[in-house]
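Report on one structure; see the data block that follows.
The values are calculated or read from the model by the stated rules, or taken from the named source; none is laboratory data. Source: prediction; values computed, not measured. Glycine gets a Cβ as well: all are built from the backbone with ideal geometry, and neighbour counts include every protein chain shown. Protein only, heavy atoms only, side chains kept; ligands, DNA and RNA dropped before computing areas. Shrake-Rupley method; radii C 1.70, N 1.55, O 1.52, S 1.80 Å.
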Amino acid sequence: MGRARLEADQKKSRRLKATLVFLDETGFLTGTYAGLTYAPRGQTPVIKKRMRHREQVTVLGSITISPQRARCQLYAEFLPDRGVKYPDVLRHLRHIRRAVRTPLIIVLDNLNIHKNHNLRNWAAKVKDVHLEYLPPYAPELNPVEAVWSHGKNVTAAGRLVADSEALLQLAHETVDAAAEQHLIRGFIRSTGLPISCDLHLRTRQSEPQ
């Protein structure tokens, strides 16, 4: 059902000559990221850490797919010390709209800020932005989820992050590492959608709010 809806969105994007945008957020916290690593046989790796107040960096990201399926891009904004708010989502989408200069079909999950009436009013006002929502509990249909999973389970695996500066650096590293062309194509293929494209990476850090 959900995959069929996304395939319909693809047809709609071709008809409207629109860029398809998949949007999602994630959070990074100070501490230790679990994951698979190597160690001598019989010697379990041990990472020591101090328990303290946990710092946070939120990442707001989108994968865009051009109307001709000739180009994909990864956009990311980093929000230190706080979560995502409605104005952050709107600013992020406005930035993408200016960059791609085509109509947009934006695919989002059902988070409250994604259904904010101001966001819906903006989309209706500009007229070339269409909001489409994933079915509940279907993260596998959003390729950006795979970006976050790769970052936390591969790039960040086994690393100890002790302060906000190191955490922000780690967030940047995870996005950069996931931007390899073959990975982005794999993330898109993991949704089951028949999309193939080349990759050009653009990342952007938001100004502190």
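Annotation for the stretch 91-180: GluC sites (Glu not before Pro) lying in DSSP loop with at most 16 further Cβ atoms inside 10 Å of their Cβ are GLU180.
Taking the solvent-accessible surface of protein heavy atoms with a 1.4 Å probe, what is the per residue accessible area of the stretch 72-172 in Å²?
Result: 46 Å² of accessible area for each residue.
With a cut-off of 10 Å between beta carbons, the residues surrounding VAL59 carry a summed charge of -3, where Lys and Arg count +1 and Asp and Glu -1. Quick one: if the Förster radius is 25 Å, what FRET efficiency do GLU165 and LEU90 give, using the C-beta to C-beta distance and rounding to 0.05? Calculated transfer efficiency: 0.35. On a per residue basis, the convex hull of the C-alpha atoms belonging to the stretch 71-165 measures out at 136 Å³.
Near GLN169, once Lys and Arg are set to +1 and Asp and Glu to -1 for all other residues with Cβ below 13 Å from its Cβ, the sum equals -4.
Each residue of the stretch 158-166 was assigned a 3J(HN,Hα) from its phi angle through the Karplus expression (A = 6.51, B = -1.76, C = 1.60, θ = phi - 60°), giving x, 9, 9, 10, 9, 9, 5, 5, 5 Hz with x at Gly and Pro.
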